[in-house]
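The values are calculated or read from the model by the stated rules, or taken from the named source; none is laboratory data. Owing to the predicted nature of the structure, the values given are computational and were not obtained by experimental measurement. Quick reminder, even Gly has a Cβ in these numbers, built from the backbone with ideal geometry, and neighbours come from all protein chains shown.
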Protein chains: 2
Amino acid sequence: MRIAIDAMGGDRAPQAVVEGALLAAKEWQDTELILVGDSATLEPLLRDKPAHVSLHHAAEVIDAEDEPVKAVRRKKDASMVVAGRLVREKAADAMISAGNTGALMATGLLVVGRIRGIDRPALAPMIPTLDGSGVLALDLGANMDASPENLLQYAIMGSLYRNKVHGIGKPRVGLLNVGTEEKKGNELTKAAFPLLAEAPIHFVGNVEARDVLQAECDVLVCDGFVGNILLKSLEGTAEAIFGVLKQEFTRSLTTKLAAAVLAPGLRSFKKKLDYTEHGGAPLLGIDGLVLKSHGSSDANAIKNAVRQARTALAGRLVEAISSEISSGK
Amino acid sequence: MRIAIDAMGGDRAPQAVVEGALLAAKEWQDTELILVGDSATLEPLLRDKPAHVSLHHAAEVIDAEDEPVKAVRRKKDASMVVAGRLVREKAADAMISAGNTGALMATGLLVVGRIRGIDRPALAPMIPTLDGSGVLALDLGANMDASPENLLQYAIMGSLYRNKVHGIGKPRVGLLNVGTEEKKGNELTKAAFPLLAEAPIHFVGNVEARDVLQAECDVLVCDGFVGNILLKSLEGTAEAIFGVLKQEFTRSLTTKLAAAVLAPGLRSFKKKLDYTEHGGAPLLGIDGLVLKSHGSSDANAIKNAVRQARTALAGRLVEAISSEISSGK
């Protein structure tokens, strides 16, 4: 297995990325890791690198502020774009980046390319659930608008990912909707429902936004706009409540003492709700494995992304999606 | 002012509704309250009623489980439908119901009728914010799909409501979206943005789901599907977190003691986030004032709905919407 890593992407790049790659190299001797980025910057960090870690020079960097599509088109020698090209040219089997999310989606689409038959690739992060298991939600931002057929493809890809990467035998696929009854929803979800019901997946029907945290499904299907509204309101509400709790807890000496007693339980709960704990988000539907690691990724997060990529490659995820989509045509 | 009240609608009807009407009658002697419902049931509850409270008989009741449109069409003598007819026939200026929300929307649309020029009426409840002020969100469920022109009308109606009923001079109107930049969003929000920017309102641009709780606007515009996802994920997250807090707090005697210290502060915060504290939701765009009071309304909530109806009638809200919409044509 050969995994290209965008060494210049993410808030803590390149140090944390290189460190994470070296941790991964230590754990998995059978995996070739290709760090892509500016060699003058990276060489000093890679003095003691093992033989299965290599450096691939790329002179440019795409920043968090860059306009995604424009950056990918113009910065042809950016570390992210070069990593994508390695996947396209089959010089790597997968790529990982903690850089600009929009640019990574553009790299997947424009540089690596789609699987034949896939209309729209989808970004599929895990949304945290109360029991800590998480739900894979897609699409979360690759495409704002979607057709019923897009949602069907999201459902199939998400189901295969949960099966191949997380080992879930029959992933429960839910359709994000305003009610559980079949006839509920907008034009999009009403047209998608029968398609999902007939698809080769374990469709559990509509799932309401209020029940997502209760882990009622393993895969949650929605268009990118609605998915963003769901995730952001979930995050915003949790942050707001924890913010107020903190205020209440530090109001006086008595409340501080009381809070100290409760802190350990709350901290572990807060961690459960932290979506950065759930690893990278795959960009599904791309003809090669593309993983988005969180922008704030530390070395451990990068190592975990490598683990995730290894599992997906071992499960032949991309091939499975390709064969399932072409068989449905 | 004459306000028709559906005495049979809501989880605690008819007792709480009648009680609330009597409380309101005591406070506002100048308002005629017409309680609509089964006279055999209501008469015993109205023995000591003052002269400005009257009883209007209606033999049927629409239940929470009734299919809305069908129920409104078939149960022509249902208390909710009869109240709607009183508004239509100008025998009442407003109606209040704590009954089946879908049926009330159908009553507004089919019995009372739309304001000329309004394509789609919108249900506009308050979403709680951290500072307790709340944001009027519309549409929240009357129409799943919306056109850019519908969103424009929602914006105008919501702005007028906040002005006339809540006394806000220049209500800040926000468009629920996935980013704050003008070009962000799906086809719908991208097309709606320039319409809102040119409308006779104080448009503050796009508002992200994570910022809704921070009270960044007074009116939040969205289609009914997205609005439902926002509100339900907000409610679901808050409920889930408070549920876990309760668990943590009752884990041992020590945590119970600690929790007792923190309880008052948390309780007042939780109350702020309780949307039932914010009164009834107007169904805007109907040619007459229609207010949905929460299904679990107690006497006080009904009294508050009467207060809300009085303010809206005094501000000539319906006339203002009608004139603003027709001037824009």
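In the stretch B:193-213, the residue that is nearest to A:D223 (Cα to Cα) out of those that are within 8 Å of chain A (Cβ to nearest Cβ) and buried (at least 22 other Cβ atoms within 10 Å of the Cβ) is B:A209. Annotation: A:L262 fulfils all but one of (1) over 18 Å from B:E239 (Cβ atoms); (2) more than 7 Å from chain B (Cβ to nearest Cβ); (3) assigned to a helix (DSSP H, G or I); the unmet one is (2). In the set (1) polar (S, T, N, Q); (2) in a helix (DSSP H, G or I); (3) surrounded by fewer than 20 Cβ atoms within 10 Å (Cβ to Cβ), B:S296 fails one condition alone, (2). Checked against the criterion of being touching an Asp or Glu at 6+ places or on another chain (Cβ under 9 Å), under 21 Å from B:E67 (Cβ atoms), crowded, with 24+ Cβ neighbours inside 10 Å and charged (D, E, K, R), the stretch B:109-129 contains not a single residue that satisfies it. Screening B:A92 against (1) closer than 27 Å to A:G185 by Cα; (2) at pLDDT 95 or above leaves a single unmet condition, (1). Is it the case that the stretch A:180-197 has a residue that's under 23 Å from the mean Cα position of the chain (by Cα) and not in a loop (DSSP other than H, G, I, E, B)? Taking every residue of the stretch A:180-197 in turn, at least one turns out to be under 23 Å from the mean Cα position of the chain (by Cα) and not in a loop (DSSP other than H, G, I, E, B). A:E182 satisfies every condition listed in (1) surrounded by fewer than 24 Cβ atoms within 10 Å (Cβ to Cβ); (2) of a type in the set (D, E); (3) within 12 Å of chain B (Cβ to nearest Cβ) except (3).
Taking (1) over 23 Å from the mean Cα position of the chain (by Cα); (2) more than 10 Å from chain B (Cβ to nearest Cβ); (3) aliphatic (A, V, I, L, M) in turn, A:L245 satisfies each apart from (2).
Rundown of residues vs (1) loosely packed, with under 14 Cβ neighbours inside 10 Å; (2) in contact with a Gly (Cβ under 9 Å, 6 or more places away or on another chain), yes/no style:
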site	(1), (2)
A:Q29	yes, no
A:L42	no, no
A:R47	yes, no
A:A51	yes, no
A:E60	no, no
A:K70	yes, no
A:A91	yes, no
A:M95	no, yes
A:A98	no, yes
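Evaluate the following for B:L220: is it more than 24 Å from A:T129 (Cα to Cα), at pLDDT below 90 and not assigned by TED's automatic domain parsing to the domain that holds B:A92? Considered against the rule, which asks whether it is more than 24 Å from A:T129 (Cα to Cα), at pLDDT below 90 and not assigned by TED's automatic domain parsing to the domain that holds B:A92, B:L220 comes out as no. Among the conditions (1) under 23 Å from B:F225 (Cα atoms); (2) touching a strand residue (DSSP E or B) at 6+ places or on another chain (Cβ under 6 Å); (3) surrounded by fewer than 20 Cβ atoms within 10 Å (Cβ to Cβ), B:L136 misses just one, which is (3). Right, A:D11: acidic (D, E), assigned by TED's automatic domain parsing to the domain that holds A:S293 and touching a residue at least 60 places away in the same chain (Cβ under 8 Å) or not? The answer is yes for A:D11. Considering the conditions (1) within 26 Å of A:D63 (Cβ to Cβ); (2) not in a helix (DSSP H, G or I), A:R251 is excluded by exactly one of them, (1). Selection over the stretch A:214-235 of residues that are touching a strand residue (DSSP E or B) at 6+ places or on another chain (Cβ under 8 Å) and within 7 Å of another protein chain (Cβ to nearest Cβ) gives a count of 5. Within the stretch B:291-298, one or more residues are assigned by TED's automatic domain parsing to the domain that holds B:L22, more than 26 Å from A:T180 (Cβ to Cβ), in contact with a helix residue (DSSP H, G or I) (Cβ under 9 Å, 6 or more places away or on another chain) and modelled with pLDDT under 95. Residues in the stretch A:198-227 that are in contact with a Pro (Cβ under 7 Å, 6 or more places away or on another chain) and assigned to a strand (DSSP E or B) were compared, and the one that is farthest from B:V178 (Cα to Cα) is A:H202.
Here B:S268 fulfils each of the conditions (1) buried (at least 17 other Cβ atoms within 10 Å of the Cβ); (2) within 14 Å of another protein chain (Cβ to nearest Cβ) apart from (1).
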